[in-house]
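K.L.:
Structure incoming, see below.
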Amino acid sequence: MFRLTREIRFAAVEDPGQPFDGKPSNSYGGFPTLRGFAPWLSLQVTLSGPLESQTQYLINIKDIDAAVRRHLIAFVAQAATSKQLSPERVTLKLFEFLRPLWPALTLERVALSLSPFQQISVNAQEYPMVQLRQKFEFSATHRLHNPALNETDNRRIYGKCNNPHGHGHNYELQVKLSGKVNDTGTLIDMPAFERIVAATVIDKFDHRNLNIELPEFRQLIPTVENIAMTIYRLLKPAIETTGGQLASVTVWETPKTWCEYSE
């Protein structure tokens with residue numbers, strides 16, 4: 001199975017000053033071009049299926065670009081400026097519009113990024129459910145040490161991470177929610193959601209020694225895996241009080257190491 005993703009970047013302006021189906025002058029920076037203050041968005045479209053025998057393409061990416069730019073950017077720009085539709089409902093409508101366009105292929109996923117840290121997506125297997133991803137950050141120190149092992153084995157297994165004085169990380173946290181939109185067209189009130197994460201996780205973890213200051217890690221080794229699990233279990237009941245549904249938690253220990261946890 002081939003799975004191809006194309007990202008289209010654009011400024012959500014109702015009057016772009018350029019034809020939506022024109023040739024981009026800066027396809028990396030986005031087209032239509034961002035002028036002044038306006039939402040700058042990106043849309044990821046993921047398709048799957050067999051390759052075309054002649055071209056050996058799954059699909060010509062120009063066809064994806066054309067469909068999005070001719071039919072959807074003006075709609076997104078209008079929704080962004082009029083505020084009549086929530087980002088969740090806009091993403092659902094984008095998925096519904098694109099789904100029948102390429103009958104030989106399967107539209108797997110549509111993801112609308114509202115910022116580098118917040119994304120709304122719809123997956124074919126979970127439609128009409130919507131997913132919301134939002135990123136947070138905190139800094140903390142920890143030591144990887146198993147008291148059931150001797151000092152030699154601990155140093156062999158954990159290396160520098162077994163430093164008796166600990167070591168620190170600037171962690172990134174991504175919280176993913178999933179569910180059907182409510183009467184307001186959203187999954188959750190965003191400021192309320194961020195307050196929950198801040199009060200439940202960030203205030204508790206930030207600038208702390210996890211081994212010493214957090215009771216959750218008195219008997220639990222604070223590996224990135226266990227940190228993700230602990231945050232998930234702390235957040236789940238707090239988010240459920242709002243009617244939201246926690247799908248998963250991902251913690252980046254470094255740009256090269258991260259763990260996602262779900263139940």
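The values are calculated or read from the model by the stated rules, or taken from the named source; none is laboratory data. Worth saying up front: this structure is predicted, and the values here are computed from it rather than measured. Because the Cβ atoms are built from the backbone with ideal geometry, glycine has one as well, and the counts that use them run over all protein chains shown.
K.L.:
Restricting attention to the stretch 191-227, which residues are part of a helix (DSSP H, G or I), more than 23 Å from the chain's Cα centre (by Cα) and more than 21 Å from TRP258 (Cα to Cα)? Before the answer, list the steps.
P.N.:
Here is the first cut: in the stretch 191-227, the ones part of a helix (DSSP H, G or I) are 191-205, 210-213, 215-217, 224-227.
Cutting the leftovers down to more than 23 Å from the chain's Cα centre (by Cα) gives us 210-213, 215-217.
Scanning the stretch 191-227 gives ILE212, GLU213, PRO215.
K.L.:
While we're here: Regarding HIS207, is this residue crowded, with 17+ Cβ neighbours inside 10 Å and modelled with pLDDT of 95 or more? Please lay out each step first, then the result.
P.N.:
Working: crowded, with 17+ Cβ neighbours inside 10 Å: no; modelled with pLDDT of 95 or more: yes.
Against the criterion (crowded, with 17+ Cβ neighbours inside 10 Å and modelled with pLDDT of 95 or more), HIS207 does not qualify.
K.L.:
Sticking with this structure for a sec: Looking at ILE202, ILE221, ILE239, ILE231, which one is β-branched (Val, Ile, Thr), without any contact (Cβ under 8 Å) to a residue 60 or more places away in the chain and in the same structural domain as PHE138 (by TED's automatic domain parsing)? Steps first, please.
P.N.:
Values: ILE202 fails: without any contact (Cβ under 8 Å) to a residue 60 or more places away in the chain; ILE221 fails: without any contact (Cβ under 8 Å) to a residue 60 or more places away in the chain; ILE239 fails: without any contact (Cβ under 8 Å) to a residue 60 or more places away in the chain.
Just a single option satisfies the conditions, and that option is ILE231.
K.L.:
List the number of the failed condition for LEU92; all other conditions in (1) under 24 Å from the mean Cα position of the chain (by Cα); (2) in the same structural domain as HIS169 (by TED's automatic domain parsing); (3) buried (at least 20 other Cβ atoms within 10 Å of the Cβ); (4) not charged (D, E, K, R) hold.
P.N.:
Of the numbered conditions (1) under 24 Å from the mean Cα position of the chain (by Cα); (2) in the same structural domain as HIS169 (by TED's automatic domain parsing); (3) buried (at least 20 other Cβ atoms within 10 Å of the Cβ); (4) not charged (D, E, K, R), the odd one out for LEU92 is (2).
Residue-by-condition table, conditions (1) modelled with pLDDT of 95 or more; (2) within 23 Å of ALA80 (Cα to Cα):
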residue	(1), (2)
PRO100	yes, no
PRO103	yes, no
ARG109	yes, yes
LEU112	yes, yes
PRO116	no, yes
VAL130	yes, yes
LYS135	yes, yes
PHE138	yes, no
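K.L.:
Just for the stretch 240-253: of the residues that are at pLDDT below 95 and in contact with a Phe, Trp or Tyr (Cβ under 9 Å, 6 or more places away or on another chain), which one is surrounded by the fewest Cβ atoms within 10 Å (Cβ to Cβ)? Walk me through it before giving the result.
P.N.:
In the first step, residues of the stretch 240-253 are kept if they are at pLDDT below 95; the result is 240-245.
Then drop every residue that is not in contact with a Phe, Trp or Tyr (Cβ under 9 Å, 6 or more places away or on another chain), which leaves 242, 244.
On the way: THR242: 15, GLY244: 24.
Among those that are at pLDDT below 95 and in contact with a Phe, Trp or Tyr (Cβ under 9 Å, 6 or more places away or on another chain), it is THR242.
K.L.:
Within the stretch 76-90, does at least one residue satisfy the condition of being aliphatic (A, V, I, L, M) and closer than 18 Å to ARG6 by Cα? Walk me through how you get there before you give the answer.
P.N.:
So the first thing to find is which residues in the stretch 76-90 are aliphatic (A, V, I, L, M), and the list is 76-77, 79-80, 85, 90.
Among the residues that remain, those that are also closer than 18 Å to ARG6 by Cα are: 76.
Within the stretch 76-90, one or more residues are aliphatic (A, V, I, L, M) and closer than 18 Å to ARG6 by Cα.
K.L.:
Separate question: If you go through the stretch 150-185 one residue at a time, how many are outside any loop (DSSP other than H, G, I, E, B) and more than 16 Å from the chain's Cα centre (by Cα)? If you could, list the steps in order and put the result at the bottom.
P.N.:
Start the filter on the stretch 150-185 by keeping residues that are outside any loop (DSSP other than H, G, I, E, B), which leaves 151-162, 167-179.
Imposing the further condition that a residue be more than 16 Å from the chain's Cα centre (by Cα) reduces the set to 151-162, 167-170.
The qualifying residues number 16.
K.L.:
I've got another one for you. Looking at ILE188, ILE231 in this structure, which one is under 27 Å from ILE120 (Cβ atoms) and assigned to a loop (DSSP other than H, G, I, E, B)? Spell out how you get there, then give the answer.
P.N.:
On the way: ILE231 fails: assigned to a loop (DSSP other than H, G, I, E, B).
It is ILE188.
K.L.:
Shifting gears a bit: Within the stretch 114-133, can you find the residues that are in a helix (DSSP H, G or I) and polar (S, T, N, Q)?
P.N.:
If the condition is that a residue be in a helix (DSSP H, G or I) and polar (S, T, N, Q), then GLN125 is the only one that fits.
K.L.:
Based on what the data block shows, is ARG69 of a type outside the set (A, V, I, L, M) and closer than 21 Å to GLY179 by Cα? Before the answer, list the steps.
P.N.:
Details: of a type outside the set (A, V, I, L, M): yes; closer than 21 Å to GLY179 by Cα: no.
Spelling it out, it is not the case that ARG69 is of a type outside the set (A, V, I, L, M) and closer than 21 Å to GLY179 by Cα.
K.L.:
Does the stretch 134-149 contain any residue that is buried (at least 17 other Cβ atoms within 10 Å of the Cβ), in a helix (DSSP H, G or I) and not assigned by TED's automatic domain parsing to the domain that holds PRO87?
P.N.:
Step one: filter the stretch 134-149 for residues buried (at least 17 other Cβ atoms within 10 Å of the Cβ), giving 134, 136, 138, 140-145.
Still in the running and in a helix (DSSP H, G or I): none.
For the stretch 134-149, residues buried (at least 17 other Cβ atoms within 10 Å of the Cβ), in a helix (DSSP H, G or I) and not assigned by TED's automatic domain parsing to the domain that holds PRO87: absent.
Per-residue answers, yes or no, for (1) modelled with pLDDT of 90 or more; (2) in the same structural domain as GLU108 (by TED's automatic domain parsing); (3) touching a Gly at 6+ places or on another chain (Cβ under 9 Å):
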| position | (1), (2), (3) |
| --- | --- |
| SER42 | yes, yes, yes |
| GLN54 | yes, yes, no |
| TYR57 | yes, yes, no |
| ASP63 | yes, yes, no |
| ARG70 | no, yes, no |
| VAL76 | no, yes, no |
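K.L.:
If LYS83 meets every condition in (1) at positive phi; (2) crowded, with 17+ Cβ neighbours inside 10 Å; (3) free of Cβ contacts under 8 Å to residues at least 40 places away in the same chain; (4) not hydroxyl-bearing (Ser, Thr, Tyr) apart from one, which number is that one?
P.N.:
Status for LYS83: all satisfied but (2).
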